[in-house]
Amino acid sequence: MVTYTVTTTGTVKDVSVVEGECEEEVFMRPSVEAAYRFKYKPRVINGEAVEVFGVLNRFHYRQEGMQEDSQ
C-alpha cells in the first residue's frame with residue numbers, strides 16, 4: 001500500500017510505502033514507481049483545483065506460471 005498527494009494538475013507527488021503494509025521489499029520500488037505514473041482529474045472546490053493529501057492505493061501482485069502440484 002502506498003500513500004501520496006494528488007496535485008492541482010492531477011499528477012502524483014510525495015509517494016511513500018505505508019509502514020507495515022508491505023512484507024516483501026521487492027514490491028516497494030515498483031509500487032512507488034507505478035503510483036508516480038498515475039494521472040487524475042484534479043479535485044475542484046468552489047471552482048478551484050485543490051491538492052488531495054493522503055490518497056491510498058493498494059497494489060496486488062501475482063506470480064504467473066506457478067501451478068499447484070496435483071499429486
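The values are calculated or read from the model by the stated rules, or taken from the named source; none is laboratory data. Quick caveat, the model's predicted, so the values are computed rather than measured. A quick note on method: Cβ atoms are made from the backbone with ideal geometry, for glycine too, and the neighbour counts reach across all protein chains shown.
Listed values, structure above:
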quantity	calculated
Members of region 1-47 found to be hydrophobic (A, V, I, L, M, F, W, C), farther than 23 Å from His60 by Cβ and touching a Pro at 6+ places or on another chain (Cβ under 8 Å), listed by number	none
Output for region 6-42, where each listed residue is in a helix (DSSP H, G or I), of a type in the set (A, V, I, L, M, F, W, C) and either at pLDDT below 95 or in contact with a strand residue (DSSP E or B) (Cβ under 6 Å, 6 or more places away or on another chain) (or both)	Val26, Phe27, Met28, Val32, Ala35
Qualifying positions in region 43-71 - more than 16 Å from Met1 (Cβ to Cβ) and at pLDDT below 95	Arg62, Gln63, Glu64, Gly65, Met66, Gln67, Glu68, Asp69, Ser70, Gln71
Tyr61 being surrounded by 15 or more Cβ atoms within 10 Å (Cβ to Cβ) and not small (Gly, Ala, Ser)	no
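Every residue, every condition in (1) at positive phi; (2) in contact (Cβ under 8 Å) with a residue 60 or more places away in the chain; (3) not basic (Lys, Arg), yes or no:
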residue	(1), (2), (3)
Val18	no, no, yes
Phe27	no, no, yes
Arg37	no, no, no
Pro42	no, no, yes
Gly54	yes, no, yes
